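Colleague: The structure that follows is given in the form of structure tokens.
What follows draws every value from the coordinates through simple rules; no lab data is involved. On a predicted model such as this, the values are computed, not experimentally measured, just so you know. So basically every Cβ, Gly included, is an ideal-geometry build from the backbone, and we count neighbours across all protein chains shown.
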Amino acid sequence: MSRAAAPQHAYLRRRGRLTAAQARALDELTDRYLVDLPDTGIGADFWREVFGRDGPLAIETCFGNGAAVADLAKSHPTWNCLGVNIYRPGFGALMLACERDGLDNVRIADAEVLDFLHRLEPGTARRVSAFFPDPWPKKRHHKRRLVNAAFAEAVAACLVVGGTLHLATDWADYAAQMVDVLRAVPGLEGGVSARVERPVTAFEAKGRAGGRRVVDLTYRRVA
């Protein structure tokens, strides 16, 4: 499967301000949860070493404060759950949640999503999700949106047959873009779906408060 050209700077690094608790987590828990990624060829053997076991790999991209990652890890204890982001306060928040709940099936990758997906060996992941990725609402910024042809092709390549992609957005034009982009990818089937089980994030709550309808999409790799 060929890779479509990726836009430069798919999204910008946002360091943000750390709380004291997040700073403490980064100082004390980074060695436990943050993954040192190789440049290429990241496959089953690598994840077996990282998690200390075999298990389905679930990748949560752009995970914000990590609530969805922690929730998935608690509800699927046999899964290996990986959050991929470049937002340090989010790292700290997720580490704190893992420490509080005693979660050992969570790891974090400090990487831009598309670059990370391109490093994975084909058929590596059981699930990929992107809940409320930055909508970049101004038309001139739409090229920065995460869900584009390059992202869709990379996800299709990294999923096992039967694996799923879950998306959610509260911007109608972004939902339409997602449908158009994913419809064009061979081997993926799906579309607008029922809400997948997940915690209500701050982004989702803000959108609902503003009167925007949340759209969920689910796709399955069939070939």
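Colleague: I want to confirm something. Restricting to the range 60-88 and keeping residues that are crowded, with 20+ Cβ neighbours inside 10 Å and more than 13 Å from the chain's Cα centre (by Cα), which single residue is nearest to Gly16 (Cα to Cα)?
Modeller: Across the range 60-88, the extreme among qualifying residues is Ala73.
Colleague: Let me ask something else about it. Among the residues of the range 36-55, how many are closer than 17 Å to Asn105 by Cα and surrounded by fewer than 15 Cβ atoms within 10 Å (Cβ to Cβ)?
Modeller: Result for the range 36-55: 8.
Colleague: Also, quick follow-up: Out of Ala223, Ala150, I need the residue that is out of contact with any helix residue (DSSP H, G or I) (no Cβ under 7 Å at 6 or more places or on another chain) and either in a helix (DSSP H, G or I) or within 24 Å of Ala44 (Cα to Cα) (or both). Which one?
Modeller: From the options Ala223, Ala150, the qualifying one is Ala223.
Colleague: Now a separate question. State all residues of the range 180-208 that are of a type in the set (A, V, I, L, M, F, W, C), closer than 26 Å to Arg221 by Cβ and surrounded by 15 or more Cβ atoms within 10 Å (Cβ to Cβ); if no residue qualifies, say none.
Modeller: Val181, Leu182, Val185, Leu188, Val196
Colleague: Taking the range 92-121, which residues are in a helix (DSSP H, G or I), over 12 Å from the mean Cα position of the chain (by Cα) and among the aliphatic types (A, V, I, L, M)?
Modeller: Ala93, Leu94, Met95, Leu96, Ala97, listed by residue number.
Colleague: Give me the residue from the range 20-33 that is under 23 Å from the mean Cα position of the chain (by Cα), over 18 Å from Val50 (Cα atoms) and not small (Gly, Ala, Ser) and, out of that set, surrounded by the most Cβ atoms within 10 Å (Cβ to Cβ).
Modeller: Gln22
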